[in-house]
Amino acid sequence: MILHTRLKEIRLQRSLTQEALARAAGVTRQTIISIEKQKFVPSVKLAMQLAAVLDSPVDRVFWLESGQGGKS
Amino acid sequence: MTATIPYYVSRVVLAVALGALLVMTGSPWWAGSLIGALALAWFLWAPYSGRYVVRPHGRAMPLRRDERAESINNKAARNAFVLTMLVLGAVTVYYGISGLAAVPLPVLKGVLILGAVIYVTSDFWLRRGE
């Protein structure tokens with residue numbers, strides 16, 4: 001199963017730069033870039049931190065290819 | 001800026017100590033100076049490299065790997081360890097079959113250097129890939 005994300009889309013909606021999001025979540029900008037490009041799968045903890053920073057439900061930010069979760 | 005002063009002071013001390021250690025163990029003074037200078041350059045660059053999360057109030061230890069960097073570091077270390085052990089095993093078998101008494105020290109040093117090269121190359125490659 002592949003973990004998909006709309007991190008970039010939601011980040012841009014919130015007018016956040018990659019640097020600002022990285023700083024708020026306590027990671028490097030490279031990590032944000034890798035997650036947005038779906039080259040790095042974040043841990044549950046980091047996924048929840050990112051969702052909290054973006055003030056969005058975690059299953060709206062990340063979902064599995066199987067369709068489980070809130071891909072609405 | 002003042003929060004990171006302990007980091008820079010401690011790294012200058014480390015770089016000088018590294019250079020002095022090399023000179024004391026028989027390396028030429030220029031080699032000790034060069035390695036110390038390279039180590040200091042690395043320490044000065046590290047906070048701006050994007051490889052680490054910088055904690056402003058981390059005092060002498062403000063740099064920390066995030067989970068992606070940790071994952072890359074683990075993979076690179078695993079690659080280096082496995083390949084070094086395989087090469088070491090092959091060298092040991094080769095010298096055993098050849099009937100020689102023991103593996104010469106320069107060969108063992110070469111295997112260790114190879115391990116370090118594999119680690120650095122893997123680290124670079126994995127960062128580039130992600």
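None of the figures in this text is laboratory data; all of them are computed from the coordinates on show. Note that the structure is a prediction, hence the values are computed from the model and not measured. Cβ sites come from the backbone with ideal geometry, for glycine too, and all protein chains shown count toward neighbours.
What the table shows:
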read-out	value
Straight-distance crosslink candidates among aspartates and glutamates, where the alpha carbon sits under 15 Å from A:Lys8 and sequence neighbours closer than 8 are dropped	A:Glu19, A:Glu36, A:Asp55, A:Asp59
All-pairs Cα distance distribution in the protein assembly as shown, expressed in whole percent, bin size 10 Å	8, 23, 26, 21, 13, 7, 2, 0
Average partner coverage of B:38-50, which counts Cβ from other chains inside 10 Å	1
Shape parameters for chain B, alpha-carbon atoms, Rg then Dmax in Å	18.8, 62
Nearest-20 debye value, the protein assembly as shown charge dipole, Cβ charges on Lys, Arg, Asp, Glu	300
Amide H contacts of B:Gly58 (H built 1.01 Å from N, under 5 Å, at least 5 apart or other chain)	none
Average beta-carbon neighbours from other chains, 10 Å sphere, peptide B:52-60	1
Signed unit charges on C-beta, dipole axis of chain B, positive-most listed residue B:Ile97, B:Pro62, B:Leu83	B:Pro62
Dipole magnitude of chain A about its Cα centre (Cβ charges: Lys, Arg +1; Asp, Glu -1), debye to nearest 20	140
P(r) weight above 13 Å for segment B:2-64, C-alpha pairs, percent	62
Degrees, to the nearest 10: B:105-129 long Cα axis against longest axis of chain B	50
Peptide B:61-73, shielding by other chains (average Cβ, 10 Å cutoff)	4
Note, ³J(HN,Hα) from phi for segment B:84-91, Karplus 6.51, -1.76, 1.60, rounded to Hz, x at Gly and Pro	4, 5, 5, 5, 4, x, 4, 5
Residues with amide H under 5 Å from that of A:Leu64, placed H, sequence gap 5 or more	A:His4
Whole-number D in µm² s⁻¹ for chain A, Kirkwood Cα-pair radius fed into Stokes-Einstein, 25 °C, 0.890 mPa s	205
